[in-house]
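Right, one structure below, let's go through it.
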Amino acid sequence: MSALFSDEQLMIRDMARKFAEEELLPNSEEWDQNSHFPVDVIRKAAELGFASIYVKEDVGGAGLTRTDAALIFEQLAYGDVSTAAFISIHNMASWMIDTFGSDAQRQEWLPRLTSMELIASYCLTEPGAGSDAASLKTKAVREGDEYVISGSKQFISGAGTSDIYVLMARTSDDGARGVSTFIIPKDAPGLSFGANERKMGWKSQPTRQVILDGVRVPAANRVGEEGHGFKFAMAGLDGGRLNIAASALGGAQLALDKALAYAKERSQFGKAIADFQATQFKLADMETELQAARVMLYEAAGRLDRKDPAATRWCAMAKRFVTDTAFKVANDALQIHGGYGYLADYGVERIVRDLRVHQILEGTNEIMRVIISRDMLKS
């Protein structure tokens, strides 16, 4: 697909690939085994502009496009899916402040977020509000020049380590129109975190509950007007879905590369398993499906950059198709490795574990089908 991108975009892609190969790939197995959150390495990514990809330049952002972001996250995930996904989450939180925040908020928070002096988490999901995000129950009550916030958030990447939390809370009972967005610093009294979840994948980043017990934040920490928070959250999800798809694509590409190399090296019945037609056909299907997914991803990213009215449908289609395809390709790569694919030493089982959650988060793939079909059927 190189012909579709400018020389500058190819340079950005190559820079991300170099960083992934030098800083992420050599460490990914150890980070997974030890559930280590590599904050020092993540901050190195910020030096290349990867912590502020589509934040405006006046506050230190890179000012790039969603297509550029997809290129970056595909390459970062080739090095480590879990770490790339967290960097995506930080970018989404920063983007929300940049896009919907006041100039005072932008100047206060974003220079430190773009440098990753501060790390951000995004807080929407709750224990009882997953796919039905508008049913969230965390409440923010106005008291003078402050809001008092109580409730809990579930499955929050970076929780306990991140310095600020971009959080959706209910300011009225008016359904989706009763949700507002707040910036909550880690040291706010009443803010605490649950135990680090034991997970199937994404082990190089902490995942915890965020618990709010009468947390007081200045009204100046509300992003935008009251009642606009759910709209902000949904707007952020289009790009978030592309990033998660791109991260799945990068991980699947590594799995395919590992399978191809293994098939050439592994001998059975007197010849390399790559010489068997069954293996050749599987590899051909994996390559074809991954390239089809890549085309869909970048088509969706281009539509989002152009503000195409159909962009939300395309982002949902790309998220559904790319993450399903990437998981299948990674699983097929494990199968080609046979019993060795089941061993941690070969690195394929880690990719399978990491990619499984991409079919769930940023809206499950079942919800993607709802979004797509509703858009198709609307009059």
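Brief remarks follow.
This table checks each residue for (1) open to solvent by less than 40 Å² (accessible area, probe 1.4 Å); (2) of a type in the set (Gly, Ala, Ser); (3) closer than 20 Å to Ala248 by Cα; (4) out of contact with any Lys or Arg (no Cβ under 8 Å at 6 or more places or on another chain).
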{"residue": "Ala293", "(1), (2), (3), (4)": "yes, yes, yes, yes"}
{"residue": "Lys307", "(1), (2), (3), (4)": "no, no, no, yes"}
{"residue": "Ala310", "(1), (2), (3), (4)": "yes, yes, no, no"}
{"residue": "Phe327", "(1), (2), (3), (4)": "no, no, yes, no"}
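- For Arg177, the criteria (1) open to solvent by 10 Å² or more (accessible area, probe 1.4 Å); (2) under 28 Å from Val55 (Cα atoms); (3) of a type outside the set (Asp, Glu); (4) in contact with an Asp or Glu (Cβ under 7 Å, 6 or more places away or on another chain) hold in every case but one, which is (4).
- When we screen Asp32, Asp68 for residues that are within 19 Å of the chain's Cα centre (by Cα), assigned to a helix (DSSP H, G or I), free of Cβ contacts under 8 Å to residues at least 60 places away in the same chain and under 21 Å from Ala248 (Cα atoms), the only hit is Asp68.
- Checking Lys271 against (1) open to solvent by 10 Å² or more (accessible area, probe 1.4 Å); (2) in contact with a helix residue (DSSP H, G or I) (Cβ under 7 Å, 6 or more places away or on another chain), the condition it does not meet: (2)
- Evaluation of Ile372 against (1) under 21 Å from Met286 (Cβ atoms); (2) open to solvent by less than 30 Å² (accessible area, probe 1.4 Å) (one fails), failing number: (1)
- Boolean, Ser131 is among the polar types (S, T, N, Q) and surrounded by 24 or more Cβ atoms within 10 Å (Cβ to Cβ): no
- The single residue among Gly49, Gly63 that is open to solvent by less than 80 Å² (accessible area, probe 1.4 Å) and without any contact (Cβ under 8 Å) to a residue 12 or more places away in the chain turns out to be Gly63.
The values are calculated or read from the model by the stated rules, or taken from the named source; none is laboratory data. Please read all numbers here as calculations on a predicted model, not as lab measurements. Note that we place each Cβ from the backbone using ideal geometry, even for glycine, and neighbour counts take in every protein chain shown. Keep in mind that these areas ignore ligands, DNA and RNA; they rest on the heavy atoms of the full protein, side chains included. Shrake-Rupley method; radii C 1.70, N 1.55, O 1.52, S 1.80 Å.
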